[in-house]
1. Residue 212 to residue 228: extension gain in nm, 0.36 nm per residue of separation minus the Cα-Cα distance?
2. Could you check the spin-label model distance between residue 46 and residue 151? Points 7 Å from the Cα along Cα→Cβ, value in nm.
3. For region 236-338, what is one quarter of the convex hull surface built on the Cα atoms, given in nm²?
4. Just to be sure I understand: with springs between alpha-carbon atoms less than 10 Å apart, which residue in 273, 121, 181 has the highest mean-square fluctuation in the Gaussian network model of the chain?
5. Let me have the relative contact order for region 180-338, percent, based on Cα pairs under 8 Å that are six or more residues apart.
6. Can you compute the label reach from residue 253? Point 7 Å from Cα along the Cβ direction, backbone N cut-off under 18 Å, restricted to region 295-327.
7. For Cα pairs less than 8 Å apart in space and 6+ apart in sequence, what is the mean separation divided by the residue count of the chain, i.e. the relative contact order in percent?
8. For Cα extents along the principal axes in Å, the listed values are (1) 52, 41, 40; (2) 73, 50, 36; (3) 69, 49, 37; which was obtained by calculation from the structure presented?
């Protein structure tokens, strides 16, 4: 049901040529935000400016708008901004009091603030207030602030817009809020080897691929070598993880070659001890099994889509094959190519 709501919101927003009547802010395409450190995900207008910090992400309709939210210079063009952030709450501070304190602070700064309302963030109970005020004779601001508590952490979303952009661009806030997924708490059961991939998964998405991976692993961008256009490595990100068990994905231009020709030109086809055929994301794929060194095995998949050549390599410690290979195969099954 939630996915249907997200799709409905996105469809409604994409049909709008812009946020404002004067077409100052256009929304042409949407993207999904993800970050390996601040593990939240949400949908946002692809052309907007994104700035990340360890526990905060700021999405602005333009670089000039981001500057205006910082220095409140009325000479700069109006804009819209969405902030998603978290703060540790070791004292287990109630999110209701957190929003109440925020409301009091804004009132003391001279803003007009509404009464608290019930809201939801990622299915969790939350509280919301709206506030507005005058920056100078040419600039007014209006905003929404909503917060919740999860795993001893306060998470909040703030949407703000200058002058007449608040209502026309509010669907952006609605989309961010309904698509927002907060970090999952990773719990490794007592007595379980922390190197073994967990059944709990997280989502990864970029311009070329999306998938689900074990929650105790993490993505890291690969250095681009040769004609590689993109690459990512998923490896254990907890103490006790193995450096010889990972998933590497690199992407290159297929240069109009078919899957068969790509495979034919790859030396892994010669080094393989066995091979097979399958599908990845609905596309034909070929894989090869190798033993690059003693105690290590590797399975390499090749697939072609949209004139892109995708190579996916699963590497694992042979004595722990039963622990790693099934989990890695679930990653393969979750892959969707773009």
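Here, each number is a calculation from the coordinates, and none is a lab measurement. The structure presented is a predicted model; accordingly, all values stated were derived computationally and were not measured. With ideal geometry, Cβ positions are generated from the backbone for all residues, glycine too; neighbour counts draw on all protein chains shown.
1. Contour length minus Cα-Cα distance gives 3.5 nm.
2. About 3.0 nm, to one decimal.
3. Values: hull surface 27.7 nm².
With the hull built on Cα positions only, its mean projection is 6.9 nm².
4. 273
5. Once normalised by length, the contact order is 22 percent.
6. Hits in region 295-327 for residue 253 at 18 Å: 304-311.
7. On the way: 670 pairs, mean separation 40.1, N = 338.
For the chain, the relative contact order is 12 percent.
8. Read-out from the structure maps to (2).
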